[in-house]
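Accompanying notes for the structure given below.
Bear in mind that the values in this text are calculations on the coordinates, not laboratory data. Since the model is a prediction, treat every value here as computed from it, not as a measurement. Cβ sites come from the backbone with ideal geometry, for glycine too, and all protein chains shown count toward neighbours.
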Amino acid sequence: MTATTAPSATAGGSPLSRIGREIDLPWPTAVWVLVAHVLTILAPLLLIVVVVMNRAYLDRVLDRPELLYVSAGLLIVGSVCESAQNTLDRWYVTGAPPTLLDFLFNSLIVLSLAVSVLAVEGARAWVWWVSLGAAAIFSLAYLMGRPTRPVQMLLGLASTYLLYRALAQPVAVLVLLSTFLTLYFFDVLIRTHQQVLHGFTTLINGVGLMATVVAIQWAARGEGMSWPVVIGITLVVVGAAFAFRPALLRLPATPHKEESVG
């Protein structure tokens with residue numbers, strides 16, 4: 001019998017150094033980006049918790065609240081695919097051509113939106129056909145190189161509107177603000193290649209999901225945030241985003257780790 005040996009430190013360096021080369025970011029940036037990804041992967045678990053806590057209430061206001069578990073699960077798997085995709089470009093997002101993992105990530109996120117629509121309006125057969133059909137169209141458009149953003153936007157707007165209508169919670173609309181911020185940070189990231197923004201782009205998705213979590217919790221307790229407050233928050237955040245955009249666009253590209261230590 002041949003004994004199994006541990007990886008040799010001389011064969012390309014220690015395991016830690018090989019893992020470090022795979023990440024290929026300066027360590028402070030790498031820690032921030034990896035923490036952002038972990039938090040984003042875990043965020044849907046809070047949605048599952050709040051649904052379990054308020055299931056009796058959700059059974060009264062939603063058609064298929066159990067589908068929120070499915071929606072959360074799809075978000076988790078999609079986020080894992082996105083993190084795995086980052087390993088292919090060594091965690092250095094540069095707007096690389098589409099890959100299988102990128103396709104799975106985007107398709108699962110859109111399917112999650114479709115399922116969240118069904119959680120609210122799942123009693124109508126035509127809603128199933130339209131929602132799942134839209135998710136299928138998104139995937140086909142992606143594979144054919146056609147524009148996919150309109151389908152994603154329509155499902156996102158439908159999901160947000162229906163959840164707001166069911167819960168009567170203006171805070172639910174802040175999901176749209178998180179979508180804006182995700183696209184905002186991603187655009188600056190692609191233009192500058194400053195990978196600190198990679199962490200913000202990733203984390204904002206998880207933070208946006210918290211609007212849904214809070215909306216469910218407040219609705220079940222009879223609490224809430226008024227429209228003026230929600231509008232005020234939106235105006236301040238959007239205004240700050242546009243005010244800081246010129247400065248963000250002047251950020252230098254993050255060097256590869258071997259460059260930063262050389």
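Taking DSSP loops as anything outside H, G, I, E and B, show the longest stretch in the chain free of trypsin sites (Lys or Arg not before Pro) there with at most 15 other beta carbons within 10 Å.
Numbers: sites that count: Arg90, Arg124, Arg250.
Free of exposed loop sites, the longest segment is 125-249.
Express in nm, to one decimal, how much length is gained between Val52 and Asp89 on full extension, taking 0.36 nm for each residue of separation and deducting their alpha carbon distance. Intermediate values should be presented prior to the final figure.
Working: separation 37, 0.36 × 37 = 13.32 nm, distance 3.77 nm.
Here the answer is 9.5 nm.
Once you keep just the Cα pairs under 8 angstrom separated by 6 or more residues, what percentage relative contact order results for segment 1-149? Intermediate results must be reported in sequence, preceding the final value.
Values: 137 pairs, mean separation 33.9, N = 149.
Answer for segment 1-149 is 23 percent.
If each residue of separation counts as 0.36 nm, what is the full-extension length gain between Arg21 and Leu157 once their alpha-carbon separation is subtracted? Could you put the intermediate results ahead of the total?
Working: separation 136, 0.36 × 136 = 48.96 nm, distance 4.05 nm.
Stretched out fully, the Arg21 to Leu157 stretch lengthens by 44.9 nm.
Mark the label point 7 Å from the Cα of Ala168 along Cα→Cβ and return the residues of segment 181-217 whose backbone N is within less than 16 Å of it.
Within reach of a label on Ala168: 215-217.
Grab the other residues whose beta carbon is less than 15 angstrom from that of Ala219, score K and R as +1, D and E as -1, and report the net. Could you put the intermediate results ahead of the total?
Values: positive: Arg55, Arg60, Arg165, Arg221; negative: Asp59, Glu223.
Taking every other residue near Ala219 into account, the sum is +2.
Starting from the Cα of Ala125, step 7 Å along the direction of its Cβ; do the same at Val70; then give the gap between the two resulting points in nm.
Reported label-point gap for Ala125 and Val70 is 1.7 nm.
Looking only at Ile204, Ile19, Ile41, which one moves most when the chain is put into a Gaussian network model with springs between Cα atoms under 10 Å?
Ile19
Hey, what did the chain get for relative contact order, percent, Cα under 8 Å, at least 6 apart? Provide the component values of the computation, followed by the final result.
Numbers: 331 pairs, mean separation 63.2, N = 262.
For the chain, the relative contact order is 24 percent.
Could you give me the radius of gyration and the Dmax of segment 186-230, taking only the C-alpha atoms into account and expressing both in angstrom?
When restricted to Cα atoms, segment 186-230 yields Rg and Dmax of 15.4, 45 Å.
About the Cα centre, and with charges only on the beta carbon of Lys, Arg (+1) and Asp, Glu (-1), how big is the dipole of segment 46-180? Nearest 20 debye, please. The partial results should precede the final answer.
Details: 8 positive and 7 negative charges, 41 e Å.
For segment 46-180, the charge dipole is close to 200 debye.
Sequence-distant or interchain residues sharing an amide H contact under 5 Å with His256, placed H: which?
Close amide H contacts, sequence-distant or interchain: none at all.
In Å, what is the Rg of the alpha-carbon atoms in segment 103-237, and how long is Dmax?
15.9, 47
Can you give the charge dipole size of the chain about its Cα centre, rounded to the nearest 20 debye, using +1 on the beta carbon of Lys and Arg and -1 on the beta carbon of Asp and Glu?
Details: 15 positive and 13 negative charges, 59 e Å.
About 280 debye.
Gap in Å between the Cα centre of segment 149-182 and the Cα centre of segment 213-232?
Centre-to-centre distance over Cα atoms comes out at 14 Å.
Per residue of segment 193-209, in order, report the coupling 6.51 cos²θ - 1.76 cosθ + 1.60 (Karplus, θ = phi - 60°) as ³J(HN,Hα) in whole Hz, putting x for Gly and Pro.
Listing the rounded values in order: 6, 8, 6, 4, 5, 4, x, 5, 4, 6, 5, 4, 4, x, 5, x, 4 Hz.
For the chain, what is the convex hull volume of the alpha-carbon atoms per residue, in Å³?
Values: hull volume 45.2 nm³, N = 262.
So the per-residue Cα hull volume is 172 Å³.
In sequence order, what are the phi-derived ³J(HN,Hα) couplings for segment 133-149 according to the Karplus relation 6.51 cos²θ - 1.76 cosθ + 1.60 with θ = phi - 60°, rounded to whole Hz, with x for glycine and proline?
With the stated coefficients, segment 133-149 comes to x, 5, 5, 5, 4, 4, 5, 5, 4, 4, 5, 8, x, 8, x, 10, 4 Hz.
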